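The values are calculated or read from the model by the stated rules, or taken from the named source; none is laboratory data. The model shown is predicted, which means the values in this text are computed figures rather than measured ones. Please note: Cβ atoms are built from the backbone with ideal geometry, for glycine as well, and neighbour counts cover all protein chains shown. Accessible surface is based on the protein model in full, side chains and every heavy atom, while ligands, DNA and RNA are left aside. Shrake-Rupley method; radii C 1.70, N 1.55, O 1.52, S 1.80 Å.
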Amino acid sequence: VLTALAFSGGISASLNTAIGYIYTPLSALASAFVLGKYYMWLEWFALTILTCALTVFGLLSTFYSGTGGGSSSVIGVACVAGSAMTSVVASLVSEKLLKGENKPFHVQKIALDTCSALCILLSLPLVGVIETDPKYAYWKERPLHQSCNLDACWHTGADLPEGGGCADPACTCDCGSGFFAAWNSWSILVALLVNVAQGWLTGVVIKSFSTVGRALAQSFTLLTIYFMGDPLFQTGAPHTLTLTLVTLIVPLSNTIFVKAASEMEKLARSDRRCDCPRSSAAVSVTTALPALRDLSPRCVAMLTRSTSV
């Protein structure tokens, strides 16, 4: 719902993805405080770099697009931020459910998707009531193709002829209404299949790894949209050398995070080899520090050699 409202506010796809990546630091903070997970300082440093890079990308995208409210309106930005926060809560709940129950993944996923479908069906009328644009209300007549460039077809209001929209005599585009209007397009079916596959793969990542791992895996979406999606579909989003360099910070910061996580794995393996207190790559703060203090001198020497750069 919030994502739809953001796009109705005129936010671009690249900026929507960039701002949505506040999901990454929020998920780490929530995992630390709610689930009691521990991340070393280098991992927090990588997340900080990632967040700053995405914020700069959003500001530069607005600057180069030359729009004060179009592609980065305040309402659109607020909706994207709210969507990210709710996604963090939903992901943490999913993680606890998926890892806390000893059931097959497909059984758990079907139960979660059934609840999600019910929530979406209940929220659809709400979106149509909030938004005046007829394309967000499935019961209203609206153009069936995005290629319709007649302003009379997209604008409604009491001061317009026949209320505007498809009822306006000046509108000559093909219009229709209903829940499945324009579903005869192959692109709609492809988008549906991609979203279903993305949802199932996201569940697998959350169950096998964590919410933060899911966020890092999705961080390359910005690269796909910026380097492939915008040029391929000619969205008109700005592309400059500065934006390109800022975008490339995304994989670099992810590399730092993965490297820090691998060092924590070395710590855990060396700890076990030295018969030290057990630890893991993400443990609570109260158990991680005593484990480090109880390391034997031989184990400390091994860790020093393994973590030296």
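Of everything in region 118-137 that's in contact with a helix residue (DSSP H, G or I) (Cβ under 8 Å, 6 or more places away or on another chain) and β-branched (Val, Ile, Thr), which residue is surrounded by the fewest Cβ atoms within 10 Å (Cβ to Cβ)? Can you show your working first?
Residues of region 118-137 that are in contact with a helix residue (DSSP H, G or I) (Cβ under 8 Å, 6 or more places away or on another chain), as a first pass: 127-128, 130-131, 133-137.
This time we only want the ones that are β-branched (Val, Ile, Thr), so: 127, 130.
Working: Val127: 18, Ile130: 13.
Applying the filter and picking the extreme gives Ile130.
Taking residues in region 218-230 that are charged (D, E, K, R), and partners anywhere that are open to solvent by 40 Å² or more (accessible area, probe 1.4 Å) and modelled with pLDDT of 80 or more, the pairs with Cβ atoms closer than 8 Å and at least 6 places apart or on different chains are Asp230/His239. Of the residues making up region 138-175, those that are modelled with pLDDT under 80, open to solvent by less than 40 Å² (accessible area, probe 1.4 Å) and closer than 25 Å to Leu2 by Cα are Cys153, Gly157, Gly165.
Residue pairs whose Cβ atoms lie under 9 Å apart, sitting 6 or more positions apart in sequence or on different chains, and linking a residue in region 192-206 that is touching a residue at least 24 places away in the same chain (Cβ under 8 Å) to a partner that is among the aromatic types (Phe, Trp, Tyr) and assigned to a helix (DSSP H, G or I), are Trp200/Phe105; Gly203/Phe105; Val204/Phe105. A count restricted to region 240-254 and to residues that are touching a residue at least 60 places away in the same chain (Cβ under 8 Å) and either more than 27 Å from Phe45 (Cα to Cα) or not hydrophobic (A, V, I, L, M, F, W, C) (or both) stands at 5. Exactly one residue among Ala237, Ala170, Ala181 is more than 19 Å from Tyr23 (Cα to Cα), in contact (Cβ under 8 Å) with a residue 60 or more places away in the chain, of a type in the set (Gly, Ala, Ser) and outside any helix (DSSP H, G or I), and that residue is Ala237.
The residues of region 225-257 that are closer than 27 Å to Gly203 by Cβ and loosely packed, with under 12 Cβ neighbours inside 10 Å, listed by number, are Met228, Thr255.
Among the candidates Ala260, Ala215, which residue alone is closer than 20 Å to Trp41 by Cα, over 17 Å from the mean Cα position of the chain (by Cα) and in contact (Cβ under 8 Å) with a residue 24 or more places away in the chain?
Details: Ala215 fails: over 17 Å from the mean Cα position of the chain (by Cα).
Going through Ala260, Ala215 in turn, the sole match is Ala260.
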